[in-house]
Amino acid sequence: MSAAKLSAVISVHNEENQLALCLERLRFADEIVVLLDDCGDESKAIAASFTDRLVEGAWAKEGRRRNAGIAACRGEWIFEVDADERVPQALADEIRQVVETSSFGWHEIPVDNYIGARLVRWGWGASYGKAAYPGLFRKGVKQWGDQRVHPGLKWSGRKGPMLANRLQHHVDRNISDMIKRLDSYSTARAKDLREAGETWGSTATNFRRLFTRFFKCYVLRGGYREGVWGFLIALFAGLYPLLSHLKAKLEDG
């Protein structure tokens, strides 16, 4: 069997409620690799109905988990996606075209973020959401850093043009989900900071970041166009570094 041209890779932890919806949209790839991170639900059975390329284990850090998934891919090109994301047919067709014609090492993919059924396009960024992400790349070009949340990236290839078609990201169902995600992200970030022996600067510095990040998301990135949703995105983006700092400084684990 010849090597796959394009591998789609997804890492999941207990995603039985939405995994099939994601995998159904990945059939355009030559192979689908599913990394099962300490799953205790029906994620494995669901994944097995789509592919035999399953990787099981337990990873404490997001960067290590994503690197393990990439390492399991056999394709010359890799498309990285999450369980809460959906690939429209137009994007699938464009990805196949890029894989066949691109001379670059990696490409960013624009993202449409949904809160519930509402498309919220403006205001994302500053560690609380993504307006685009480097999800299509040649194998060996991309390596994730050793962090629990928002791991860094190392590249060894040239960046190509951003794709034209958008990925659909069902990021949160409601405001409660947004709050839970803020709590989860800041807790994981605080653990990374403590391991590194730091607290991400002073409390005064992180208090100022609340306002500068809010301004960046709400004004510079156009969050004001989304009304209350844009306000909440900017608020949580500003709170993220402050809460991470305070948890690293005041909590033990």
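Values quoted throughout were computed directly from the atomic coordinates according to the rules given, and no laboratory measurement underlies them. Remember, it's a predicted structure, so these values are computed and weren't measured experimentally. Counting neighbours? That spans all protein chains shown, and the Cβs are built from the backbone with ideal geometry, glycine included.
So how tilted is helix 203-215 from the main axis of the chain? Cα-based, degrees 0 to 90, rounded to 10. So the inclination is approximately 60 degrees. Helix 62-72 and the long axis of the chain differ in direction by around 10°, with both axes built from C-alpha atoms. Calculated mean residue ellipticity at 222 nm for the chain: -11500 deg cm²/dmol, from DSSP H runs with n ≥ 4 weighted as -39500 (n - 2.57), summed, divided by the residue count and rounded to 500. Radius of gyration (Cα atoms) of segment 193-253, expressed as a multiple of 2.2 N^0.38 Å: 1.26. Here the convex hull built on the C-alpha positions of segment 8-67 has a volume of 74 cubic angstrom per residue.
Straight Cα distances below 13 angstrom link K249 to the aspartates and glutamates D192, E195, E198, with same-chain residues fewer than 8 positions distant left out.
Taking Cα centre as origin and charging only the Cβ of basic (Lys, Arg, +1) and acidic (Asp, Glu, -1) residues, the dipole magnitude of the chain rounds to 1060 debye.
Of the residues A71, A47, A188, the one that moves most in a GNM of the chain with alpha-carbon contacts below 10 Å is A71. What do you get for the angle between helix 228-250 and the principal long axis of the chain? Use alpha-carbon atoms, 0 to 90 degrees, nearest ten. It works out to around 80 degrees.
Size descriptors for the chain (Cα atoms only): Rg and Dmax, in that order, 18.5, 59 Å.
Pull up the cross-link candidates among the lysines for K180, meaning alpha carbon to alpha carbon under 19 Å and not fewer than 8 places away within one chain. Straight-line reach from K180, under 19 Å: K61, K130, K191, K247.
Note on the chain: GNM, Cα springs under 10 Å; of V55, V149, V228, the largest mean-square fluctuation is that of V228.
Annotation: Cα Rg of segment 1-111 relative to the compact-globule expectation 2.2 N^0.38 Å equals 1.03.
Each Cα pair under 8 Å and six or more residues apart adds its separation to the average, and for the chain the resulting relative contact order is 19 percent. Here r is the Cβ-Cβ distance between E251 and N174 and R0 is 25 Å; the resulting FRET efficiency, rounded to 0.05, is 0.40.
Note on the chain: GNM, Cα springs under 10 Å; of D112, D37, D52, the largest mean-square fluctuation is that of D52.
Mean sequence separation of contacting Cα pairs (under 8 Å, at least six apart), scaled by the length of segment 212-253, corresponds to a relative contact order of 36 percent.
Beta-bridge orientation, the chain: approximately 40 percent antiparallel, per DSSP, counting only bridges with both partners inside.
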